[in-house]
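Q: Here's a structure for you.
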Amino acid sequence: MTIVVKVGGAAGNSLEEVLDDLAGRRDYVLVHGGSERVDRLGEALGRPAQYYTAPSGVVSRRSDPAHLEVVVLALAGAVQTEIVARLFARGVRAIGLSGVDAGLLLARRKEGAREVVDGRVLRVADDRSGRVERVDAALLESLLGLGLVPVVGPPAVTATGEVVNVDADRVAAEIAVALGAETLLLLTNVAGVLRDRDDAASRVATVGRDAIDTVLPLAEGRMRKKVLAAQTALAGGVGRVVIASSSGSSPVARALAGDGTVFA
Ligand code: ADP
């Protein structure tokens with residue numbers, strides 16, 4: 001049974017240990033973000049990242065055309081290529097795909113993105129972000145059938161060929177749903193959903209599928225997207241979702257064993 005593993009790109013994520021742990025497996029799709037890399041490249045190009053907060057409290061990267069270009073260069077370019085190379089070094093034939101490749105992630109452009117500025121709700125200007133509406137699961141299954149590991153990340157493509165930024169946690173959830181995956185792992189730089197962000201021991205161990213709304217108030221900013229992604233995955237038939245740490249030895253095996261916040 002295929003699993004979907006998403007590894008974060010923010011500071012504190014430990015890609016090497018995740019790849020070590022995945023090296024012996026061929027039954028997964030690896031989804032990557034890369035926010036730190038996007039931020040660094042943006043700085044170097046004189047286009048520092050900007051974020052906005054939606055009325056729901058979700059924090060999103062600004063994706064006007066100039067920032068979207070940085071996202072594409074950093075994710076579909078650098079991060080994905082490096083992950084594929086690192087897997088190759090571990091004896092894994094991986095293939096990197098952005099959501100644009102073969103129309104893997106078909107998205108609809110977000111029409112009405114809104115942001116809160118000084119307590120007022122405003123339209124987000126020139127936004128090139130989207131929501132994934134269809135995943136070409138058959139393509140992923142064909143690659144897996146050939147013994148190739150798909151390494152997938154933003155951006156996605158619209159039906160009219162516009163390139164749009166999409167959230168990698170949501171991409172992972174949509175892929176897990178499309179593949180009918182039993183398990184989705186969202187590996188990140190914290191031990192799971194924490195009641196107190198400064199205390200790893202305050203991790204919420206389990207969340208019932210009907211109780212997700214009770215942990216949403218704990219999850220601020222970008223953690224909120226992971227919790228919403230978990231909700232999307234479970235609603236779409238995925239058996240369980242684990243938000244867990246990407247660092248330490250065997251992060252994949254530990255997450256599969258439930259060492260994180262388990263949504264089921
Ligand atoms: P990644 O790049 O791994 O996807 P993000 O930076 O997007 O990671 O999201 C993880 C971050 O969410 C944590 O580092 C933390 O700062 C933040 N966060 C907000 N609320 C919580 C919470 N209740 N528990 C854990 N982390 C939280």
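FYI, it's all coordinate maths here, none of it is from the lab. No experiment lies behind these values; they were computed from the predicted model shown. Methodologically, a virtual Cβ is constructed for each residue, glycine included, from the backbone with ideal geometry; neighbour enumeration extends over all protein chains shown.
Q: Would you kindly state how much longer the chain becomes between Ala85 and Arg195 on full extension, computed as 0.36 nm times their sequence separation minus their alpha carbon distance, in nm to one decimal?
A: Numbers: separation 110, 0.36 × 110 = 39.60 nm, distance 3.72 nm.
Result: 35.9 nm gained on full extension.
Q: Starting from the alpha-carbon convex hull of the range 3-263, give the projected area averaged over all orientations, in nm². Write out the running numbers ahead of the final one.
A: Values: hull surface 53.3 nm².
Approximately 13.3 nm², given one-decimal rounding.
Q: Once you have a ≥ b ≥ c as the square roots of the Cα gyration tensor eigenvalues for the range 192-264, tell me rounded if a/c is under 1.5, and otherwise prolate or oblate according to whether a/b is larger than b/c. Numbers along the way, then the final one.
A: Working: a/c = 1.81, a/b = 1.12, b/c = 1.61.
Verdict is oblate for the range 192-264.
Q: Return a whole-number percent for the relative contact order of the range 3-263, with Cα pairs under 8 Å and 6 or more residues apart as the contact set.
A: Computed value for the range 3-263: 25 percent relative contact order.
Q: Now a separate question. Limiting things to C-alpha atoms, what are the Rg and the maximum Cα-Cα separation (Dmax) for the range 142-246, in angstroms?
A: Rg and Dmax of the range 142-246, Cα atoms, are 15.1, 47 Å.
Q: Which of the helices in the chain, when you take each full DSSP H run, stretch at least 20 Å along the axis at their Cα atoms and have an average Kyte-Doolittle score of -0.5 or higher?
A: Numbers: long enough: 221-235 (22 Å, -0.03).
Helices meeting the criterion: 221-235.
Q: How large is log10 of I(q)/I(0) for the range 47-196 at q = 0.12, 0.18 Å⁻¹ when the intensity is taken from the Debye formula with one equal scatterer per alpha-carbon?
A: Those come out to -0.57, -1.18, one per q.
Q: If you don't mind, another one. For the range 30-182, calculate the relative contact order in percent as a whole number, restricting contacts to Cα pairs under 8 Å that are 6 or more residues apart.
A: On the way: 270 pairs, mean separation 42.4, N = 153.
Dividing the mean separation by the residue count of the range 30-182 yields 28 percent.
Q: To the nearest 0.05, how large is the calculated FRET efficiency for Leu45 and Arg134 if R₀ is 35 Å and r is the Cβ-Cβ distance? Spell out each step's value before the answer.
A: Details: r = 32 Å, r/R0 = 0.91.
Efficiency, from the Cβ-Cβ distance: 0.65.
Q: Provide Val116, Val190, Val7 in ascending order of the number of other Cβ atoms located within 10 Å of each residue's Cβ, fewest first. Before the final figure, lay out the partial values.
A: Details: Val116 14, Val190 22, Val7 26.
Placing the least packed residue first, the sequence is Val116, Val190, Val7.
Q: Further question on the same structure: For a footprinting-style exposure proxy, rank Leu75, Leu228, Leu104 by other Cβ within 10 Å, fewest first.
A: Leu228, Leu104, Leu75
Q: How would the range 1-87 be classified by its alpha-carbon gyration tensor: rounded, prolate or oblate, with rounded meaning a/c under 1.5 and the a/b versus b/c comparison settling the rest?
A: On the way: a/c = 2.44, a/b = 1.67, b/c = 1.46.
Cα axes put the range 1-87 in the prolate bin.
Q: With n ≥ 4 as the cut-off for DSSP H runs, can you work out [θ] at 222 nm for the chain, using -39500 (n - 2.57) per run divided by the number of residues, rounded to the nearest 500? Write out the running numbers ahead of the final one.
A: Numbers: 9 runs with 82 residues, N = 264.
The helix contribution divided over the chain gives -9000 deg cm²/dmol.
Q: Just add up the charged neighbours of Leu106: K/R +1, D/E -1, any other residue whose Cβ is under 9 Å from the Cβ of Leu106.
A: Details: positive: Arg108, Arg134; negative: Glu133, Asp136.
That sum, taken over residues with Cβ under 9 Å, equals 0.
Q: For the range 30-88, with only Lys/Arg (+1) and Asp/Glu (-1) charged at the beta-carbon, what is the dipole magnitude about the Cα centre, in debye rounded to 20? Can you show the working numbers first?
A: Values: 6 positive and 6 negative charges, 12 e Å.
My answer is approximately 60 debye.
Q: I would also like to ask the following. Starting from the Cα gyration tensor of the range 157-217, take the square roots of the eigenvalues, sort them a ≥ b ≥ c, and report rounded, prolate or oblate (rounded when a/c is under 1.5, otherwise prolate if a/b is larger than b/c, else oblate). Please list the in-between numbers first.
A: On the way: a/c = 2.51, a/b = 1.90, b/c = 1.32.
It comes out prolate by the Cα gyration axes.
Q: Another one. Which trypsin sites (Lys or Arg not before Pro) does the range 6-113 hold that lie in a coil by DSSP with at most 16 other beta carbons within 10 Å?
A: On the way: sites: Lys6, Arg25, Arg26, Arg37, Arg40, Arg61, Arg62, Arg86, Arg90, Arg93, Arg108, Arg109, Lys110; in loops: Arg25, Arg26, Arg62, Arg90, Arg93, Lys110.
Here the trypsin sites (Lys or Arg not before Pro) that fit, given the DSSP loop and packing criteria, are Arg25, Arg26, Arg90, Arg93.
Q: Further question on the same structure: Nearest 5 is fine: what % of DSSP beta bridges in the chain come out antiparallel, could you say? Could the numbers behind the result be given before it?
A: Working: 18 of 46 bridges.
Roughly 40 percent of the DSSP beta bridges within the chain come out antiparallel.
Q: Label-point separation (nm) for Ala257 and Ala23, each offset 7 Å from Cα along Cα-to-Cβ?
A: The two pseudo-label positions are separated by 2.0 nm.
Q: Using the crude model of +1 on Lys and Arg Cβ and -1 on Asp and Glu Cβ, and no other charge, please compute the dipole size for the chain relative to its Cα centre, in debye to 20. The partial results should precede the final answer.
A: Details: 31 positive and 32 negative charges, 41 e Å.
Rounded to the nearest 20 debye, it is 200 debye.
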